[in-house]
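Quick notes on the structure that follows.
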Amino acid sequence: MNIFSLFPAALDFLFPDRCVLCGLYIQPGHRRGPWPLCAACEEGLTAPHGERCIRCSRPLISEKEICMGCRSGAQHFEANFSLYLYQANAAAQCLSAYKSGGRRLLSGFFAERLLSVYREKHEGLPLVPVPARRESLKKRGFDQIQLICHEMKKRGGPDFLPLLRRSKKTREQKTLSKEERKKNLTGSIFPALRLPPALPEDVLLVDDVFTTGATANACAEALKNMGVKKVYVLTIALD
Ligand SMILES: [Zn+2]
Ligand SMILES: [Zn+2]
C-alpha cells in the first residue's frame with residue numbers, strides 16, 4: 001500500500017498534479033489511481049467500437065473476421081489484441097507522457113487496463129515482455145514494458161518471464177517503412193542469456209504499440225524456435 005491510497009484527496013490538495021490529457025490540475029478526489037489522469041479523461045479513453053480482426057485487432061471495414069492484411073501474410077503469433085487506437089484517441093498522448101515525459105505512475109493505469117483484458121482472454125498464461133532496445137533503456141533509464149508487467153503482478157496478475165533479449169543496435173521502429181522494419185529486426189531478437197529450466201507451452205507477449213506487427217512477429221518467431229507452442233500478443237495501442 002502506498003501513501004497515495006491512504007490519502008489521495010489530501011495529496012491532491014497539498015501537491016496538485018496536472019492531468020496528462022486535459023492539462024488541468026486534478027481536483028481532490030477526482031482520479032481513480034495515483035497516475036496523472038483525471039477521472040473524466042480516464043473515462044474518455046475507450047476501446048474502438050465495432051468488429052475487429054481476430055488476428056491483428058485492427059477495426060474491420062467491409063471484411064469478415066480477418067482483415068486483408070492478415071489474409072495475405074503469414075505470421076508467427078496467434079493473435080494480437082490492442083486496448084486502444086493510437087491515432088484516434090488519447091492513448092498516444094498517455095504513452096508519450098509515460099515513456100518520454102517522466103510520468104512513470106501511468107504504468108499502474110496501463111497495468112490495470114491490460115489486466116482486465118488478460119483476465120477475460122488469457123488467464124493462466126505467463127507474460128513475456130518485448131525486450132527494450134538498448135538505446136531506449138539508456139535514454140529513459142527504465143524498461144517501460146517490464147515496469148508495466150511488474151505493476152500487473154503487483155495487482156495479482158501473472159508472473160512475467162523476460163525470455164528474450166535484443167542483440168544488436170536496432171533503430172526505433174516507428175521511423176521506418178514496413179520493409180525496413182522487418183530488416184531492422186532480422187537477427188536482433190534472441191533467447192535471454194538466463195532461461196528458466198522449463199519453458200511454458202503458451203505465452204502472452206506484451207508490448208506498448210502494435211504497428212505492422214514486425215516486432216511481435218520477430219519475438220514470436222524467436223519464442224517458437226525456443227520451443228514455445230503458442231504466442232498471443234497484448235498491446236496498449238494499435239497504430
Ligand atoms: Zn483530464
Ligand atoms: Zn488483421
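Structure values in brief
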| read-out | value |
| --- | --- |
| Strands (runs of 3 or more DSSP E) (entirely within the range 65-176) containing at least 1 residues that are over 12 Å from the mean Cα position of the chain (by Cα) and within 22 Å of G213 (Cβ to Cβ) | 79-85, 164-166 |
| Only one of R32, R58, R52 that is within 16 Å of ligand 1 (Cβ to nearest atom), charged (D, E, K, R) and closer than 22 Å to F110 by Cα | R32 |
| Filter result for A91 (on the phi < 0 side of the Ramachandran plot, within 16 Å of ligand 1 (Cβ to nearest atom) and touching a residue at least 24 places away in the same chain (Cβ under 8 Å)) | yes |
| From the options F110, F81, residue that is more than 16 Å from ligand 2 (Cβ to nearest atom), under 27 Å from P200 (Cα atoms) and among the aromatic types (F, W, Y) | F110 |
| Test result for N80, modelled with pLDDT of 90 or more, polar (S, T, N, Q) and under 18 Å from I148 (Cα atoms) | yes |
| Pair list, Cβ < 7 Å and 6+ apart or interchain, from the range 60-86 residues that are assigned by TED's automatic domain parsing to the domain that holds F210 to residues that are within 11 Å of ligand 2 (Cβ to nearest atom) and in a strand (DSSP E or B) | L60/R52; N80/F210; S82/F210; S82/L238; L85/L238; Y86/L238 |
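Residue-by-condition table, conditions (1) buried (at least 19 other Cβ atoms within 10 Å of the Cβ); (2) in contact with a strand residue (DSSP E or B) (Cβ under 8 Å, 6 or more places away or on another chain); (3) modelled with pLDDT of 90 or more:
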{"residue": "C22", "(1), (2), (3)": "no, no, yes"}
{"residue": "P28", "(1), (2), (3)": "no, no, no"}
{"residue": "W35", "(1), (2), (3)": "yes, no, yes"}
{"residue": "A40", "(1), (2), (3)": "no, no, yes"}
{"residue": "I61", "(1), (2), (3)": "no, no, no"}
{"residue": "A74", "(1), (2), (3)": "no, no, no"}
{"residue": "L114", "(1), (2), (3)": "yes, yes, yes"}
{"residue": "Y118", "(1), (2), (3)": "yes, yes, yes"}
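The values are calculated or read from the model by the stated rules, or taken from the named source; none is laboratory data. From a predicted model like this one, the values you see are computed outputs, not experimental measurements. Every residue, glycine as well, gets a Cβ built from its backbone with ideal geometry; the counts of neighbours run over all protein chains shown.
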